[in-house]
Every structure is written in C-alpha cells, then in structure tokens.
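The values are calculated or read from the model by the stated rules, or taken from the named source; none is laboratory data. Since the model is a prediction, treat every value here as computed from it, not as a measurement. Because the Cβ atoms are built from the backbone with ideal geometry, glycine has one as well, and the counts that use them run over all protein chains shown.
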Amino acid sequence: MPTVLALETSCDESAAAVVRDRTVLASAVASQVAEHARWGGVVPEIASRRHVEALPQLIEQVMLTSGLAMAGLDGIASTVTPGLAGALQVASVTGRTLARLHGRPFVGIHHLEGHLCSALLGDDPPQPPYLVLLVSGGHTELVRVDGAGAYTRLGRSHDDAAGEAFDKVARLLGLDYPGGPAIAAAAAAGDPRRFALPKGQVSRPGGGFYPYDFSFSGLKTAMLRLVRSLEESGAPLPLADLAASFEQVVAEVLVERSCRCARDQGLNTLVLVGGVAANQRLRALLSQACGRQHLHWHLAPLAYCTDNAAMIGVAACQWLEQGGDSAIDLGISARWPLEQAGALLERPALF
Ligand code: KG4
Ligand code: ZN
C-alpha cells in the first residue's frame, strides 16, 4: 500500500494531502475564492502567486499531521494537467523538487483522474466497470471507468461546463462567485417549477442529437432573456424562483443523460464527482433516478467534491501500485485528454 504526498494547484485552491492507498492521513486546502470573488472569476496571475505563498505551509501542515517524514513516502504527486499553466507550475515544480531532494519517485497526475478517484474515498467505493458523471467548473463529462487508468469518455459539454454555467448565471443574478454555492443558497426557498427552461441538446450532423452530450449556452441565453423581461416589468426579481428553476433544469438534464448513458452501455453503477457534485439538488435527483431505474449510485464525499489534493493522492497510489512513476522533468500542460492520463507516467518527459 503506497503512501504519497500529493499537491494540487491547478485552479484557485492550493491543496496538499498525505494519502495511503485510499485512506487520507492528512488533507488541507487553502481556498483563494474570497480574493477572486471581487473580480467575478479566477484571475490566473493572482492564483499563481497565492499558490506560491500557500503551498509550503500546507505541505508542512499535512506532513506534521500524518506524523511521517519524507523518507516514509513512496512518492510525491502533483497535478500536471489540465488547468491554468502558471498555477499548475507551482505544484509541479514543488513536487519535482521535493522528489529530487528526497530521492522519491515523482507522479504527475491528470486533474480529472483525481476527480474520478474522489469517489474511491467514500465508505463504499464503486467497483468497475461504472459510469462517472464528472461535473466541475471546467468540465462536464460522462466517463466509463473499467479500472485504474482505463477511462473512456462517452459524453461531454460542447460549450460551458456545468459549473461554469452556475458561475455565469450567478453573475447575471447578481450573486457572488463561485456561483454554484450562491445559486444553491438562493434556490433553497424557491419554486423549481416556476420557470420552464430549455434542456440544451447538441445536434448531430446528418440529423438527430448526441444522446450523452450537453450544451448550456441556450439555457444561459434563456436565463438572460427571462431576467431582462422580468426587469422590464419593474417588479423585484424573483431571485429564489429563478435560482431554483435554473438549478432544477441543470440537475435534471445531467441526471437524465447520465442514466440513459449507463443503461445503454449496460453499466449498472453511476458515480457523481466534481465541484458541482456538491449540489444537494443534483445529489438528491441522481439518487432518486437511480433508485427508480435499479442502478447503483455512489456520490463523492462532500469534502472531496471541490478541488483537493487527497483525490490526487488516491490516483497517484493507483499508479505507483502498477509500478508507474513520471519523468522528473515532466512539465505541465493546460490541456491533455483524460484517456491519455497513463501517458503522464511514461518516460521520457512528454511535455
Ligand atoms: O471541481 P471544482 O472545485 O474545480 C474545477 O476543477 O473546476 O469545481 C468548481 C465548480 C465551480 O464552478 C462552482 O460554482 C461549482 O463547482 N460548485 C457548485 C457547488 N459547489 C461548487 N455548483 C453547484 N452547487 C454547489 N453546491
Ligand atoms: Zn477540479
């Protein structure tokens, strides 16, 4: 059972964790959300600077909590793709420096593989094969998992990710960044059936629709038109009903297409991960739909839905168990296909 120190700085959370196989020995996250909120979104330059400031303390903290010395680690892992290039560099350089200094293997991890692995941190981890609905700020994907490192993307968003749609609609409604938690809070007292909103479909050239793909741009435009016409009436905006109707349609479309994909693929287990997986309405709708359709379901633990390093550590432990580690001069990449996550463990350095 390998033990790793894992580092994550791909977006706006700096995080470190010590993980043994699927057990979190220590995990710490320093969120920069409050600082980015005043700009209405993540400012890459600020993100990189804050990671540089926060990461050393986080590493010290998790090493102390775990009670381990560097010599007690089987590897040091960093998220190396996808994400903001400058931000990714911070965990990459720190991780590789520590690995070199302490003579430990370095493991470069794909951020989305980390999200997939967050489901393994629950009490009752799913057994492959299964389908994962991965919904974060940057991605909305349906991924078939046949085992560690064996990932096939079956569905995706053609425009905004689900989290991005939450963030943009929150801004439209005058709510804070990040939009997901702000919309969820506003929606709590709202009527989710008050406004009928579109469930965007993606046309297939030659006719029909891609059954497992998503599009949120039409929904965003519909929200904009609705808000404008309500504003023209001069009455105060029915914020709670707008937020609840939006949250409801996003959750419905995600759940409907995921269940359909699982059934069509002959997969009897559906797993929910990523920042948007923290949404309670989505968690409830997915559980209810799976229950009705006799599918097993697993929800990533709430603490590991939004970005964290524990999930990166689980992914790294899986690779180390298979004998994989990365080149010490592996770089970072803003984009990289999830199906190619295993290539990050090949030598020589890819990027
Ligand atoms: O996975 P994550 O922390 O970062 C990325 O890898 O993108 O996801 C962040 C996204 C943001 O767009 C945020 O608005 C959304 O997750 N989010 C939520 C909730 N909590 C975070 N969306 C809906 N409901 C929530 N409770
Ligand atoms: Zn993420």
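Values for this structure:
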item	result
Subset of segment 139-150 (residues that are out of contact with any Ser or Thr (no Cβ under 9 Å at 6 or more places or on another chain) and either assigned to a loop (DSSP other than H, G, I, E, B) or within 16 Å of ligand 1 (Cβ to nearest atom) (or both))	A148, G149
E247 being modelled with pLDDT of 95 or more, surrounded by fewer than 21 Cβ atoms within 10 Å (Cβ to Cβ), among the charged types (D, E, K, R) and within 16 Å of ligand 1 (Cβ to nearest atom)	no
Residue under evaluation I328, criteria (1) surrounded by fewer than 20 Cβ atoms within 10 Å (Cβ to Cβ); (2) outside any loop (DSSP other than H, G, I, E, B), criterion not met	(2)
Every residue from segment 234-246 that is touching a Leu at 6+ places or on another chain (Cβ under 8 Å) and assigned to a helix (DSSP H, G or I)	L239, L242, A243, S245, F246
Selection within segment 147-173 - β-branched (V, I, T) and farther than 16 Å from L116 by Cβ	V169
Selection from segment 117-129 of residues that are of a type outside the set (D, E) and either over 16 Å from V24 (Cα atoms) or part of a loop (DSSP other than H, G, I, E, B) (or both)	G122, P125, P126, Q127, P128, P129
Selected residue [more than 15 Å from ligand 1 (Cβ to nearest atom) and over 18 Å from L101 (Cβ atoms)] from I46, I76, I59	I46
Candidates A315, A309, A289, A300 - the one that is aliphatic (A, V, I, L, M), under 28 Å from E164 (Cα atoms) and more than 16 Å from ligand 1 (Cβ to nearest atom)	A289
Selection status of D241, buried (at least 17 other Cβ atoms within 10 Å of the Cβ) and in contact with an Asp or Glu (Cβ under 8 Å, 6 or more places away or on another chain)	yes
Flag if I312 is β-branched (V, I, T), assigned by TED's automatic domain parsing to the domain that holds L73 and in a helix (DSSP H, G or I)	yes
Which numbered condition L154 misses (of (1) within 16 Å of ligand 1 (Cβ to nearest atom); (2) closer than 29 Å to K199 by Cβ; (3) of a type outside the set (G, A, S))	(1)
Total residues in segment 209-219, condition over 21 Å from the mean Cα position of the chain (by Cα) and farther than 17 Å from E256 by Cα	1
Residue check for D146: charged (D, E, K, R), exposed (fewer than 15 other Cβ atoms within 10 Å of the Cβ) and modelled with pLDDT of 95 or more	yes
Residue among L55, L116 that is at pLDDT 95 or above and under 30 Å from Q265 (Cα atoms)	L116
Residue in segment 141-151 that is within 16 Å of ligand 2 (Cβ to nearest atom), under 17 Å from A316 (Cβ atoms) and within 22 Å of the chain's Cα centre (by Cα) present	yes
Filtered residues of segment 197-233 (kept if in a loop (DSSP other than H, G, I, E, B), among the polar types (S, T, N, Q) and surrounded by 12 or more Cβ atoms within 10 Å (Cβ to Cβ))	Q201, S215
Matching entry among V169, V135 (being farther than 29 Å from H296 by Cα and within 13 Å of ligand 1 (Cβ to nearest atom))	V169
Count of segment 152-182 residues which are under 18 Å from the mean Cα position of the chain (by Cα) and aliphatic (A, V, I, L, M)	5
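Residue-wise test of (1) away from ligand 2 (no atom under 16 Å from the Cβ); (2) among the hydroxyl-bearing types (S, T, Y).
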{"site": "S233", "(1), (2)": "yes, yes"}
{"site": "D264", "(1), (2)": "yes, no"}
{"site": "L267", "(1), (2)": "yes, no"}
{"site": "V276", "(1), (2)": "no, no"}
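Listed here are the residues, each with its yes/no results for (1) part of a loop (DSSP other than H, G, I, E, B); (2) crowded, with 22+ Cβ neighbours inside 10 Å; (3) of a type in the set (F, W, Y).
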residue: G163; (1), (2), (3): no, yes, no
residue: K168; (1), (2), (3): no, no, no
residue: P181; (1), (2), (3): no, no, no
residue: R193; (1), (2), (3): yes, no, no
